[in-house]
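What follows is a short report on a single structure.
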Amino acid sequence: MARVFISIGSNIDREAQIIASVSALSALYGDVVLSSVYECEPVGFTGDHFYNLVAEVQTEVSPGQVGQDLKALEKAHGRVDFSKKFSARKMDLDILLYDDQVLETPVQIPRDEIPENAYVLWPLAELAPELLHPVLNKSYQQLWQEYDKNKQIIRKVPFTWPE
């Protein structure tokens with residue numbers, strides 16, 4: 001079983017979409033371990049703030065299939081334009097890590113944005129602090145400690161999950 005980390009984000013109907021994302025991941029992969037939920041400003045465009053978190057799942061599904069599954073979930077929740085990197089999103093799901101694999105295709109693993117964006121790095125450091133980035137060979141805790149906290153404003157938010 002591969003250990004897979006997936007980023008989850010939403011800035012449209014955020015609470016409902018975060019819950020829907022986790023529910024959909026659970027339906028696909030079984031048990032889901034979650035970081036805290038964080039709020040931050042959008043990157044690359046002006047708009048409503050995002051809720052972000054990272055989910056960990058275990059699966060025997062290939063990285064390419066996980067990528068297809070995530071795109072299908074986004075499409076089912078209203079995403080039509082996959083060419084725009086920076087835009088408002090109901091549901092934004094990305095594979096961050098798939099075990100310690102390093103791939104460019106069919107999906108980029110690890111995601112380049114991990115050390116660059118607090119909304120990915122902080123929840124990943126919370127969920128897997130001692131895990132090493134497969135390219136940088138530093139733990140996510142170390143990467144978070146080294147991150148310039150003035151670069152991006154982010155805060156943990158209280159989030160109540162349905163029973």
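Here V102 meets each of (1) more than 21 Å from M1 (Cβ to Cβ); (2) touching a residue at least 24 places away in the same chain (Cβ under 8 Å); (3) over 15 Å from the mean Cα position of the chain (by Cα) with one exception, condition (1).
Among the residues examined, A55 does not qualify as of a type outside the set (K, R) and over 19 Å from F159 (Cβ atoms).
Do we find that E41 is acidic (D, E) and over 15 Å from M91 (Cα atoms) in this structure?
Working: acidic (D, E): yes; over 15 Å from M91 (Cα atoms): yes.
Yes.
Each residue in region 114-160 was checked for being among the charged types (D, E, K, R), touching a residue at least 12 places away in the same chain (Cβ under 8 Å) and either closer than 21 Å to N11 by Cα or outside any helix (DSSP H, G or I) (or both), and 4 pass.
Would you confirm, using the coordinates I've provided, whether L132 is buried (at least 17 other Cβ atoms within 10 Å of the Cβ), hydrophobic (A, V, I, L, M, F, W, C) and at pLDDT 95 or above?
Details: buried (at least 17 other Cβ atoms within 10 Å of the Cβ): no; hydrophobic (A, V, I, L, M, F, W, C): yes; at pLDDT 95 or above: yes.
No: the conditions fail for L132.
Restricting attention to region 41-53, does a residue exist that is in contact with a Pro (Cβ under 7 Å, 6 or more places away or on another chain), closer than 15 Å to E113 by Cβ, at pLDDT below 95 and not basic (K, R)? Scanning region 41-53 turns up at least one residue that is in contact with a Pro (Cβ under 7 Å, 6 or more places away or on another chain), closer than 15 Å to E113 by Cβ, at pLDDT below 95 and not basic (K, R). Residues of region 143-163 that are more than 18 Å from F50 (Cα to Cα) and either surrounded by fewer than 16 Cβ atoms within 10 Å (Cβ to Cβ) or aliphatic (A, V, I, L, M) (or both): L143, Q145, E146, D148, P162, E163. When the test is whether a residue is of a type in the set (G, A, S) and farther than 27 Å from Q65 by Cβ, A118 passes it. Could we say that S36 is in contact with a Lys or Arg (Cβ under 6 Å, 6 or more places away or on another chain) and among the polar types (S, T, N, Q) here? Answer is yes for this residue.
Under the condition of being under 20 Å from Y51 (Cα atoms), modelled with pLDDT of 90 or more and in contact with a helix residue (DSSP H, G or I) (Cβ under 6 Å, 6 or more places away or on another chain), the residues counted in region 75-108 number 2.
Given the criteria basic (K, R) and at pLDDT 90 or above, does R111 qualify?
Working: basic (K, R): yes; at pLDDT 90 or above: yes.
For R111, the condition - basic (K, R) and at pLDDT 90 or above - is met.
The values are calculated or read from the model by the stated rules, or taken from the named source; none is laboratory data. Note that the structure is a prediction, hence the values are computed from the model and not measured. Because the Cβ atoms are built from the backbone with ideal geometry, glycine has one as well, and the counts that use them run over all protein chains shown.
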